[in-house]
């Protein structure tokens, strides 16, 4: 977006620039040239190259060999790739809504006027600034079948312990459960949105006899719908690339990951394995481009169906 | 507020000083080698105390060789770095972070320097090595690496624990093993597993023990769904279905780290443990009071007695290194009986050379002698010499866990492995 605007500026404004303006533009360009060069060399270049590689067989040691659409055709038959898509969709369609609703509830609670509010807010935000790997290792202990606090609790109430990460039926719900821990950023964004809800509207509703629930659903949520929309977009993109937590949770001594019977094999994990463990760069590039298309389509659908978003400032 | 301007010259001076400081700070610390020496970067997969033992030998090599300096780095757990470094044109000079099952794969990708001519010139013809090991390092008529350590898989158990169950002799058949394992099992009143006899693992090993194989070299076909292999997997998964996959999952998720005092075998949660001779050293370190013995895998009717599978790290020279001659000298030196023996003895691995392996200090431990006999016997099997072993192993691992979890039958899972790996192999051969 920024890149496009920049090009547009040059293209449109150039003929009308005075000498002084041209000089300023040159100096400006010089200052941002490291970023432009870096972005072109290390982002744009590899992105275009990965598209080329997706039509080749390439193990990085030997020159790429053109194979046409073979990589894409093989993907259609690749069972583990399909498992990766299914598991990722599970996170996007089940995990993400649960997290967003949970985060919204937390934000609503943290928006109330109670004693020690800043402490509660800090408590919910701190986990999201802890490194994901470190937090995940803590959760490995929480989920530990023998010594973990969750199973300890289950035993205490007379239930049988669960293999949270070793039972294929439980591993994805466990990851979703853990994901609630990382919601600090979204909560913060919701909270900022909630602070912006006009008080006069809430007061008028109150005078008209609206109860808390009505105020929330009729005023608060519509007023922050742009914020909700933003978090949905950002998180959908993020959840399609779900990787770190699952990788750390399920990685084994021999370097593989994905859980029992690939029950926690997510799209990005398979992509990583294909690229950096099996060194099938062409095949992995094809996967990356399909992921890009999926994310693009999902985002477009979200935008197309965003009529429910209410932009108060525009009216 | 006063404003102090910095002159262009001062700015350049300061930049130069900062640049020099930054460059100096990135240089490896503690390295003392002369300019005329060949500097070799050696990447190893060993870590912890095994790394320290090897470092001792590297230091000795550096002392004995005025013209070569070896700098060893561990890449434990980051094996993918090796290929990336080779592809990036900045390979280490020597790498032993290559597993035996990966050798053919990496060699056929053009990542390794053949050692055939070096070995011939040094008079290394394989006559001093265990033949099945020596054969595994060859592919397409070239020698691609040498191993300085090897291992053979065995079954560990604690004789006093077995005696407590009224058994004076360890099991020798699958039926006896099943019986002993069931006697070991303790399940509490809530149905939670507290102790198991064995949780059979590693289909590759058990498939061979049952009499099967994973690859037919003559026809170039994947044989994962050989009926014998299916029977082996059914037997393995039988432990899960009997104990309940969910309960086993809960039980195993509480296992402590393998390389620690909390290893489930050391703390008595497992009666038998599939290990290799290297486990002798681990037991001495982490459970010195535990009485431990080892046996060959018990086998069924029609199976293979004294059967083992072997593997290990291969010393290789990547393509494009600056000093292949010096790199070879390091590998050759480390392969001398004394040095190989010293390293293997201290980490309790089997030296791949018969002479070094049969030295008194090794064979006086009957457990080590057992592993040695298995490795030297007719039923020792290495990985198939195909370029898709990583893929094959990952698919076998998935099949194993799927069957154990009750999601697929052994036949379905292994049919699938056969089809998928065969396709991958055919593609790799194209």
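The values are calculated or read from the model by the stated rules, or taken from the named source; none is laboratory data. Because the structure is predicted, anything quoted here is derived from the model rather than measured. Every residue, glycine among them, receives a Cβ derived from its backbone with ideal geometry; neighbour counts consider all protein chains shown.
Return yes when residue B:356 is more than 9 Å from chain A (Cβ to nearest Cβ), within 30 Å of residue A:76 (Cβ to Cβ) and surrounded by 23 or more Cβ atoms within 10 Å (Cβ to Cβ) and no when it is not. Spell out the reasoning first.
Details: more than 9 Å from chain A (Cβ to nearest Cβ): yes; within 30 Å of residue A:76 (Cβ to Cβ): no; surrounded by 23 or more Cβ atoms within 10 Å (Cβ to Cβ): yes.
Taking the combined requirement at face value, the residue does not satisfy it.
From the list A:242, A:310, A:283, exactly one residue is in contact (Cβ under 8 Å) with a residue 12 or more places away in the chain, over 30 Å from residue A:134 (Cα atoms) and part of a loop (DSSP other than H, G, I, E, B). Which is it?
A:310
How many of the residues making up region A:266-278 are surrounded by 24 or more Cβ atoms within 10 Å (Cβ to Cβ) and not in a helix (DSSP H, G or I)?
Looking only at that region, the number is 1.
Find the residue count for region B:153-200, including only residues that are under 27 Å from the mean Cα position of the chain (by Cα) and within 14 Å of chain A (Cβ to nearest Cβ).
Total meeting the criteria: 2.
Any residue that is touching a residue at least 40 places away in the same chain (Cβ under 8 Å), crowded, with 18+ Cβ neighbours inside 10 Å, in the same structural domain as residue A:80 (by TED's automatic domain parsing) and more than 16 Å from the chain's Cα centre (by Cα) - is there at least one of those in region A:231-239?
Within region A:231-239, not a single residue is touching a residue at least 40 places away in the same chain (Cβ under 8 Å), crowded, with 18+ Cβ neighbours inside 10 Å, in the same structural domain as residue A:80 (by TED's automatic domain parsing) and more than 16 Å from the chain's Cα centre (by Cα).
Residue by residue, here is whether (1) out of contact with any helix residue (DSSP H, G or I) (no Cβ under 9 Å at 6 or more places or on another chain); (2) within 10 Å of chain A (Cβ to nearest Cβ) holds:
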{"residue": "B:367", "(1), (2)": "no, no"}
{"residue": "B:370", "(1), (2)": "yes, no"}
{"residue": "B:391", "(1), (2)": "no, yes"}
{"residue": "B:396", "(1), (2)": "no, no"}
{"residue": "B:404", "(1), (2)": "no, yes"}
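Here are B:325, B:301: which of them is in contact with a helix residue (DSSP H, G or I) (Cβ under 9 Å, 6 or more places away or on another chain) and assigned to a helix (DSSP H, G or I)? Break it down stepwise before answering.
Working: B:301 fails: assigned to a helix (DSSP H, G or I).
Criteria check complete, one pass: B:325.
So how many residues does region A:204-225 have that are part of a loop (DSSP other than H, G, I, E, B) and either over 28 Å from the mean Cα position of the chain (by Cα) or in contact (Cβ under 8 Å) with a residue 60 or more places away in the chain (or both)? Steps first, answer last, please.
Step one: list which residues in region A:204-225 are part of a loop (DSSP other than H, G, I, E, B), which gives A:208-211, A:224.
Still in the list and also either over 28 Å from the mean Cα position of the chain (by Cα) or in contact (Cβ under 8 Å) with a residue 60 or more places away in the chain (or both): A:208-211.
Residues that pass the stated criteria total 4.
Can you confirm whether region A:72-88 contains a residue that is touching a residue at least 24 places away in the same chain (Cβ under 8 Å), surrounded by 12 or more Cβ atoms within 10 Å (Cβ to Cβ) and farther than 30 Å from residue A:55 by Cα? Break it down into steps so the answer makes sense when it comes.
The first filter runs over region A:72-88 and keeps only residues touching a residue at least 24 places away in the same chain (Cβ under 8 Å), leaving A:72, A:74-75, A:80-81, A:83-85, A:87-88.
So of that shortlist, the ones also surrounded by 12 or more Cβ atoms within 10 Å (Cβ to Cβ) come out as A:72, A:74-75, A:80-81, A:83-85, A:87-88.
Among the residues that remain, those that are also farther than 30 Å from residue A:55 by Cα are: none.
There is no residue in region A:72-88 that is touching a residue at least 24 places away in the same chain (Cβ under 8 Å), surrounded by 12 or more Cβ atoms within 10 Å (Cβ to Cβ) and farther than 30 Å from residue A:55 by Cα.
Return the residues of region B:63-103 that are surrounded by 21 or more Cβ atoms within 10 Å (Cβ to Cβ) and in a loop (DSSP other than H, G, I, E, B); say none if nothing qualifies.
B:91, B:92, B:93
For residue B:298, all conditions in the list (1) more than 23 Å from residue B:214 (Cβ to Cβ); (2) in contact (Cβ under 8 Å) with a residue 40 or more places away in the chain hold save one; what is the number of the exception?
It fails just one condition, (1).
With A:189, A:119 as the choices, which residue is part of a helix (DSSP H, G or I), surrounded by 12 or more Cβ atoms within 10 Å (Cβ to Cβ) and at pLDDT 90 or above?
On the way: A:119 fails: surrounded by 12 or more Cβ atoms within 10 Å (Cβ to Cβ).
Sole residue among the options that is part of a helix (DSSP H, G or I), surrounded by 12 or more Cβ atoms within 10 Å (Cβ to Cβ) and at pLDDT 90 or above: A:189.
Among what's in region A:240-254 and is surrounded by fewer than 17 Cβ atoms within 10 Å (Cβ to Cβ) and farther than 21 Å from residue A:78 by Cα, pick the residue that is farthest from the other protein chains (Cβ to nearest Cβ).
So, considering only residues that are surrounded by fewer than 17 Cβ atoms within 10 Å (Cβ to Cβ) and farther than 21 Å from residue A:78 by Cα, the one farthest from the other protein chains (Cβ to nearest Cβ) is A:244.
Looking at residue B:375 and the list (1) out of contact with any strand residue (DSSP E or B) (no Cβ under 6 Å at 6 or more places or on another chain); (2) more than 13 Å from every other protein chain (Cβ to nearest Cβ); (3) under 16 Å from residue B:311 (Cα atoms), which single condition is not satisfied?
(1)
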